[in-house]
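Engineer: One structure follows; several queries about it will come next.
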Amino acid sequence: MAANKSNQLQETRAMIIRTAKELFMELGYRAVSTRQIADACGLTQPALYHHFKDKQALYVDVMRSVCEGTRSALDRIMQRETDVRHRLCQVTAYMLANHPEDLSRMFHDIRHELAPESQRIIYELWRSAYLTPLLTIFEAGQRDGQLRSSAQFGMDAEKSARLLMGLINQTLASASTFSAPGAADKKKNWDEQAQTLVNVLLFGLSATPPPTV
C-alpha cells in the first residue's frame, strides 16, 4: 500500500514537471500561474503545493529535469564516439533538436524572475549538463592531439566550449526561420546545422592558411 502511494506521488510529481515545462517554455515564467499549471494537470492548487512549495521551486525542478535528461543523453553519445568531430557533431545536433524552443525567454526568466539562489542552482545544472560535456570533448581532443592546445596557438578548452555554446544559442534563436515539414526532414536539418557549426569552429571559413607573424 505504501509503495503504491509512493509511486502515485512520483507519477503526479513527474506529470506536474512535464506540464509546467510545456507552459513555461511556451508562455514564460511570469505569464504562468500555479493555478494554471494545476488546472492543466487536473489538480487543485493545494495538491500542487503538496509537491512544490511555490512556482520558483517548480521552475528549478523543471530545469533540473531538462538538464539531467540532457546530461544522460550526452554521456551516452560520448561513450560511443571517440573522434572529436563526430562527438561534437552529435552533441551539437542533440542540443539543437532537444533544447527548449525559446532559449532567449528561458535565459530572460532566469536572469530577471528568479532569486539569486535559484539562479545559482540553475547555472550549476546548466554547466554540468551542457558546458561540461563540451569542455570534456575539447580537453580530450587536446590531450590526444586531435586539437591544438592553447600553447600550440589553439584555443583554451573552456573558451572553445563556450564559443560552440554561443553558436548553438544563436542558431536556436533563429530556428523559427527553418521550416522542415516532417520529423525526418527536421532531424536532417539539425544534423546539417550541427555539422556546419562544428566545421566552422574546427576549420574556420577561410580557404587560405593564416599569414605568418
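The values are calculated or read from the model by the stated rules, or taken from the named source; none is laboratory data. Keep in mind the model is a prediction, meaning the values are calculated, not measured. In this analysis, Cβ positions are derived from the backbone assuming ideal geometry, glycine residues included, and neighbour counts consider all displayed protein chains.
Engineer: List, please: which pairs have Cβ atoms under 8 Å, are six or more places apart or on different chains, and start with a residue in the range 133-152 that is over 19 Å from residue 94 (Cβ atoms) and of a type in the set (Lys, Arg) and end with one that is loosely packed, with under 12 Cβ neighbours inside 10 Å and modelled with pLDDT under 90?
Structural biologist: Short answer, once both residue conditions are applied: none.
Engineer: Sticking with this structure for a sec: Give the residue, chosen from 93, 97, that is in the same structural domain as residue 192 (by TED's automatic domain parsing), surrounded by 20 or more Cβ atoms within 10 Å (Cβ to Cβ) and in contact with a helix residue (DSSP H, G or I) (Cβ under 8 Å, 6 or more places away or on another chain).
Structural biologist: Working: 97 fails: surrounded by 20 or more Cβ atoms within 10 Å (Cβ to Cβ).
That would be 93, the only listed residue that is in the same structural domain as residue 192 (by TED's automatic domain parsing), surrounded by 20 or more Cβ atoms within 10 Å (Cβ to Cβ) and in contact with a helix residue (DSSP H, G or I) (Cβ under 8 Å, 6 or more places away or on another chain).
Engineer: May I ask you to list the residues in the range 60-90 that are among the charged types (D, E, K, R) and loosely packed, with under 14 Cβ neighbours inside 10 Å? Full working, then the answer.
Structural biologist: Within the range 60-90, the subset among the charged types (D, E, K, R) is 61, 64, 68, 71, 75-76, 80-81, 83, 85, 87.
Result: 68, 75, 76, 80, 83.
Engineer: Here are 13, 105, 30: which of them is among the basic types (Lys, Arg), in contact (Cβ under 8 Å) with a residue 12 or more places away in the chain and within 24 Å of residue 167 (Cα to Cα)? Reasoning before the result, please.
Structural biologist: Details: 13 fails: within 24 Å of residue 167 (Cα to Cα); 30 fails: within 24 Å of residue 167 (Cα to Cα).
Sole residue among the options that is among the basic types (Lys, Arg), in contact (Cβ under 8 Å) with a residue 12 or more places away in the chain and within 24 Å of residue 167 (Cα to Cα): 105.
Engineer: Please determine, by comparing only the residues of the range 43-89 that are among the acidic types (Asp, Glu) and assigned to a helix (DSSP H, G or I), which one is nearest to the chain's Cα centre (by Cα).
Structural biologist: The residue in question is 68.
Engineer: Could you count how many residues in the range 11-34 are basic (Lys, Arg) and either over 21 Å from the mean Cα position of the chain (by Cα) or outside any helix (DSSP H, G or I) (or both)? Quick ask: steps written out before the conclusion?
Structural biologist: Within the range 11-34, the first condition is being basic (Lys, Arg), and the residues that meet it are 13, 18, 21, 30.
From what's left, either over 21 Å from the mean Cα position of the chain (by Cα) or outside any helix (DSSP H, G or I) (or both): 13, 30.
Result for the range 11-34: 2.
Engineer: Additional query: Could you tell me how many of the residues in the range 24-55 are of a type in the set (S, T, N, Q) and either assigned by TED's automatic domain parsing to the domain that holds residue 109 or over 22 Å from residue 114 (Cβ atoms) (or both)?
Structural biologist: 1
Engineer: Please find, among 57, 38, the residue that is in contact with a Ser or Thr (Cβ under 9 Å, 6 or more places away or on another chain), surrounded by fewer than 18 Cβ atoms within 10 Å (Cβ to Cβ), among the aliphatic types (A, V, I, L, M) and under 25 Å from residue 5 (Cα atoms).
Structural biologist: Numbers: 38 fails: surrounded by fewer than 18 Cβ atoms within 10 Å (Cβ to Cβ).
Of 57, 38, the one residue that is in contact with a Ser or Thr (Cβ under 9 Å, 6 or more places away or on another chain), surrounded by fewer than 18 Cβ atoms within 10 Å (Cβ to Cβ), among the aliphatic types (A, V, I, L, M) and under 25 Å from residue 5 (Cα atoms) is 57.
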